[in-house]
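Only one structure is covered here, and it is reproduced in the block below.
Read-outs: derived from the displayed coordinates by stated rules, not from any lab. Source: prediction; values computed, not measured. Reconstructed Cβ throughout: ideal geometry from the backbone, glycine too, with neighbour counts over all protein chains shown.
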Amino acid sequence: MILFDTYPLGKIQLKNRIVMAPMTRSRTTQPGNIPNTMMAEYYAQRAGAGLIITEATQISPQGQGYSFTPGIHTKAQIEGWREVTDAVHREGGKIFLQLWHVGRMSHASFHNGNPPVAPSAIKPDARYGWRMKTETGVWWSVRPQEP
Ligand SMILES: Cc1cc2nc3c(=O)[nH]c(=O)nc-3n(C[C@H](O)[C@H](O)[C@H](O)COP(=O)(O)O)c2cc1C
C-alpha cells in the first residue's frame, strides 16, 4: 500500500505519502496578522498527513495581498507559528511553511496607498483583487489597482 508507506524526504522521514496542499484560511489574529490557537488546532487536527504545507505566509508587509493572511516577519508572528508547529509536532506531524510575496497582485490599500511592488512593471491580467475594510469586516472586490 504505497500511499501509507513511509517516505524519506531528504533527512526527514514522512510517516506516509499524503501531503496536505497549502490553503489560505485568513484566520489570523488582528491587528498584526498573527497565527493563533485556532490555527494551531486546525493544523494539529491534520497531523495525520505525512506532511502539511501551511497556507501561504507573507515574508514582509510588502508581500501581503489578501486580508488576514499570516506573516512571518514579526516576533509575534514567529511566536504564533511556534504554537502551530509545536501543536503539529505533539501529534507526530511534519509541517513546512509556504512563503509568499504576492507582488503585483497586491493592492495599494495594503501599502498605505502606495502601489504594490513587483518584479516587473507588467500590469496583471486580472479583473478583480481583494481588499477589506477592516474596521467593519466587510469584504468587497475591486480591480487590483483601483482605490
Ligand atoms: C481555499 C483555498 C486556498 C488556497 N490557498 C493556497 C495557498 O495559500 N497557496 C497555494 O500554493 N495554493 C493554494 N491553494 C491551491 C491549492 O493548494 C490547490 O487547489 C490544491 O493543490 C489542489 O490543486 P488543484 O486545485 O489544481 O486541484 C488554495 C486553494 C483553495 C481552494
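For residue 56, the residues whose amide H sits under 5 Å from its own are 23, 24, ignoring neighbours fewer than 5 places away on the same chain, with H placed 1.01 Å from N.
Here's how it looks for residue 29: its modeled amide H is under 5 Å from those of 34, 36, which are all 5 or more places away or on a different chain.
Karplus-based coupling profile of the stretch 70-83, in residue order and whole Hz: x, x, 9, 10, 10, 4, 5, 5, 5, 5, x, 5, 4, 4, with θ = phi - 60° in 6.51 cos²θ - 1.76 cosθ + 1.60 and x standing for Gly or Pro.
In the chain, the DSSP-assigned H stretches of four residues or longer account for a calculated mean residue ellipticity at 222 nm of -5000 deg cm²/dmol, using -39500 (n - 2.57) per stretch and the full residue count as denominator. Please work out whether the stretch 7-142 counts as rounded, prolate or oblate from its C-alpha gyration tensor, where a ≥ b ≥ c are the square roots of the eigenvalues and a/c under 1.5 means rounded, while otherwise a/b larger than b/c means prolate and anything else oblate? Because a/c hits 1.5 or more and a/b exceeds b/c, the stretch 7-142 counts as prolate.
At a Förster distance of 22 Å, what's the computed FRET efficiency of residue 96 paired with residue 117, Cβ-Cβ distance as r, to 0.05? It would help to have the intermediate numbers written out before the result.
Numbers: r = 26 Å, r/R0 = 1.16.
With a Förster radius of 22 Å, E is 0.30.
Karplus-based coupling profile of the stretch 102-107, in residue order and whole Hz: 7, x, 5, 7, 6, 9, with θ = phi - 60° in 6.51 cos²θ - 1.76 cosθ + 1.60 and x standing for Gly or Pro. Taking other C-beta atoms within 10 Å as the exposure proxy, 4, 68 rank 4, 68 from fewest upward.
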